[in-house]
Amino acid sequence: MKINTIRPYASVLLAAALMSACSGDSDNQPPQSSTPPPATPTADASCLAVDNSGSTVVVGSNQPGDPSLPEAASGYRTGLKPRYAKTYMVATSNAYASAAGCAVLKRGGTAADAAVAVQAVLGLTVPEATGLGSGGVLLYYDGRSKTLQAYDGRETAPAAATENYLRYVDDTSDHSAPLPSARASGRSIGTIGVPRLIEALQHDHGKLAWNGLFGDAISLATNGFPIGGRLAAAIASNASSLKRDAEASAYFLNADGSPKTLGTVLKNPAYADALTQMSQAGANALYTGPIAQEIVAKIALTQGADGSTLTPGKTTLADLAGYQAKVREPVCTTYHAYWVCGMPPPSSGGIAVASALGILENFDLKSLPPTAIDLEGGKPAVNAVHLITEAERLAYADRDKYVADTDFVPLPGGTWDTLLNKPYLKDRAGLISMSKSMGTAQPGDLGAVPVGVAANQIEHGTNQFTIVDGDGSVLTATTTVESSMGSFHMTHGFLLNNQLTDFSASPTDSAGNPIANRVQPGKRPRSSMAPTLVFKVAADGSRGDFVMATGSPGGGTIPQYVVKTLVGALDWGLDAQQSAGLMDFGASNSPTTTIGGEHPDLNLADNGTHDPLIAGLTALGHQVSTSAQASGINTVMRVTLGQSTALQGGTDPRREGVVLGDTFTP
């Protein structure tokens, strides 16, 4: 961490220019808010993301097409095009965060510097998904040294936690469940990880002064920002739970208890103060001292603001003070002509993605591209979706049985290669039939380990962003409070996570065997986060040039979103935007195959009976669900356009993201 005595830099936030996400589509123009956003400075033409139409709008201009204007969550924004930049690019699911990150890159900052600014803004503008009270993981590729590292900022269970922490009020005297639920009680709150995560990253790879990276977030928190569509929906759906916390209620709800609505300007001086303290004292500002005391006191509450009973958590100041982000070795495997690198345990995402791809490498997916390819990625072929979802079933079966925090539970053979070597995955691929779905896969027999299968959770409290800087360094990060609005506990302007519910509540399975992902003191719950980097395979077989960085929120479905994006780009030749917008499809280890019903290329009339993809999968024995999906892909790819090399970016049309970078005309 680099600290000097200059005042925190406030960039010309909201002034980065970019191509309108829905240019020319009057039905998709954001409505004017009844409460206008803050005044906007003059446009800065150095942060552009352009496509071949040539039109631009200004983030924060308050003009039609401004992507920072509050817009009701639509489920899917049609017509998005890939963006291009010359040397640096940032893709996030929030316009303000993209603008803040791009401003840092314009100043010569690294991807690590920009990540601090992006995360600080995301914690303010999308608090339902991420923030200072959350955790996360990321991959960082240093473009100068060509080194790759995985940073683990996953939350931990407190030292006083027992294996029954989530299911019993007390192991010996009270076997009733935590109130009002494990998720909404203090028991779900893990020791926060994001502040230490971004501090460790910036210390290792930052170039700019630490205290100059928070200005945009502090300004927004002080002056206010309008509530966007996803935040408005989260407030409305969680209003009754937010009423249990006095600070959350005062911030997110009106005086009469009704939810604050789309376009309402929120000001958060407490969050601005937390960031100011962090900019001056580093992450210690949240792990020791008054703010840490507030966190511990909030977790220990026994009564809600509405009079309800709360089961307290057992986090102490020592838990906070002792927390450390960890640097780990990424999981890297080859897939055809590429190296694909992902997050190692305690995240299961990297292993699950690599496992599915390793199985799929035994089939010719290039011969099964989508049909009628359009801006939204086209219509996936039946056999392609069948193969991919069958591979995912097999990958999830192994993931569920064998993967947990390897600081506590080792992988079979002590290495992820046992799960991912090519002979083993070729054998797994042989279990796939082209004529019928396997329904539920069995895990491979890899020896005796602590076993047990925990259910996958689909959550809406996660965010992902991707950054490439002018030195060629690349970051892909996923940060999360777990469920939407986390534990509903709020302190000093930020929500606290409910991440410990990612543990298995029961320590043993039905046969009495210990579950790998059970609660243990200091342990990190298994995650599905899967930030992913792709490189070419060099002539000598080593990791070559950077190709692609991507990732997504989505809980247990994250590996599915990432796999479809990778296959879309690497096998089917889709661009960064098409592969992000491509129909979400996938399967955990169950007979259900999900096809995202929000996609415009899916025909849901008569329960989808006339849609060839749904009908074809049903004929193969898949139980098809068309529930809407909420992936949040943000992708940056390095591409060749004519004689020029450029960055190409895409953001998930299911969220509110934008892609920004330096000026480039394709």
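Of note:
- Residue identified as touching a residue at least 60 places away in the same chain (Cβ under 8 Å) and among the β-branched types (Val, Ile, Thr) among Val296, Val265: Val265
- Condition met for Ala354 (crowded, with 19+ Cβ neighbours inside 10 Å and under 30 Å from Ala615 (Cα atoms)): yes
- Answer from Ala217, Ala250 - the residue that is assigned to a helix (DSSP H, G or I) and either over 29 Å from Tyr323 (Cβ atoms) or more than 24 Å from the chain's Cα centre (by Cα) (or both): Ala250
- For the residues Ala184, Ala161, Ala177, Ala200, the requirement of being outside any strand (DSSP E or B), farther than 28 Å from Ala283 by Cα, aliphatic (A, V, I, L, M) and modelled with pLDDT of 95 or more singles out Ala177.
- Filter result for Gly282 (free of Cβ contacts under 8 Å to residues at least 24 places away in the same chain and surrounded by fewer than 20 Cβ atoms within 10 Å (Cβ to Cβ)): no
- Among the residues of segment 313-348, those identified as aliphatic (A, V, I, L, M) and either closer than 17 Å to Leu425 by Cα or touching a residue at least 40 places away in the same chain (Cβ under 8 Å) (or both) are Ala318, Leu320, Ala325, Val327, Val331, Ala337, Val340, Met343.
- Those residues of segment 308-335 which are within 30 Å of Thr418 (Cα to Cα) and in a loop (DSSP other than H, G, I, E, B), in sequence order: Gln324, Ala325, Glu329, Pro330
- Flag if Ala236 is touching a residue at least 60 places away in the same chain (Cβ under 8 Å) and farther than 26 Å from Leu317 by Cα: no
- Within segment 385-425, restricting attention to residues that are in a loop (DSSP other than H, G, I, E, B) and free of Cβ contacts under 8 Å to residues at least 40 places away in the same chain, the residue that is farthest from Arg518 (Cα to Cα) is Asn421.
- Residue identified as at pLDDT 95 or above, of a type outside the set (Lys, Arg) and surrounded by fewer than 24 Cβ atoms within 10 Å (Cβ to Cβ) among Gly108, Gly101: Gly108
- Here Pro290 meets the list (1) surrounded by fewer than 20 Cβ atoms within 10 Å (Cβ to Cβ); (2) at positive phi; (3) of a type outside the set (Lys, Arg) almost entirely, failing just condition (2).
- Condition check for Ala305: surrounded by fewer than 17 Cβ atoms within 10 Å (Cβ to Cβ), small (Gly, Ala, Ser) and assigned to a loop (DSSP other than H, G, I, E, B): yes
- Residues within segment 221-246 that are of a type outside the set (A, V, I, L, M), more than 21 Å from Glu656 (Cβ to Cβ) and in a helix (DSSP H, G or I), tallied: 3
- Residue that is nearest to Arg77 (Cα to Cα) [pool: residues in segment 631-660 that are crowded, with 24+ Cβ neighbours inside 10 Å and among the small types (Gly, Ala, Ser)]: Gly657
- Taken over segment 258-279, the criterion of being surrounded by fewer than 18 Cβ atoms within 10 Å (Cβ to Cβ) and assigned to a loop (DSSP other than H, G, I, E, B) is satisfied by Ser258, Thr261, Lys267.
- Close pairs from segment 357-372: first in contact (Cβ under 8 Å) with a residue 24 or more places away in the chain and acidic (Asp, Glu), partner crowded, with 19+ Cβ neighbours inside 10 Å and assigned to a strand (DSSP E or B), Cβ under 9 Å, at least 6 apart: Glu361/Tyr335
- Candidate set from segment 542-565 (those that are surrounded by fewer than 24 Cβ atoms within 10 Å (Cβ to Cβ) and over 14 Å from the mean Cα position of the chain (by Cα)); member that is farthest from Ala646 (Cα to Cα): Ser542
- Leading residue by the ranking (nearest to Ala538 (Cα to Cα)) among those in segment 122-152 that are out of contact with any Phe, Trp or Tyr (no Cβ under 9 Å at 6 or more places or on another chain) and in a strand (DSSP E or B): Asp142
- Only one of Gly642, Gly650 that is at positive phi and either free of Cβ contacts under 8 Å to residues at least 40 places away in the same chain or touching an Asp or Glu at 6+ places or on another chain (Cβ under 8 Å) (or both): Gly642
- Residue that is closer than 29 Å to Thr264 by Cβ and among the charged types (D, E, K, R), where the choices are Arg183, Arg187: Arg183
- Boolean, Val169 is in contact with a His (Cβ under 8 Å, 6 or more places away or on another chain), modelled with pLDDT of 95 or more and farther than 30 Å from Asp545 by Cα: yes
- Pick from segment 147-190, criterion without any contact (Cβ under 8 Å) to a residue 60 or more places away in the chain and among the charged types (D, E, K, R), ranking: nearest to Asn498 (Cα to Cα): Asp170
- Apart from one condition, His599 fits all of (1) in a loop (DSSP other than H, G, I, E, B); (2) in contact with a helix residue (DSSP H, G or I) (Cβ under 7 Å, 6 or more places away or on another chain); (3) not aliphatic (A, V, I, L, M); the exception is (2).
The values are calculated or read from the model by the stated rules, or taken from the named source; none is laboratory data. This structure is a prediction, so every number in the text was calculated from the model and none was measured. Here Cβ is always computed from backbone atoms with ideal geometry, including for glycine, and neighbour counts include all displayed protein chains.
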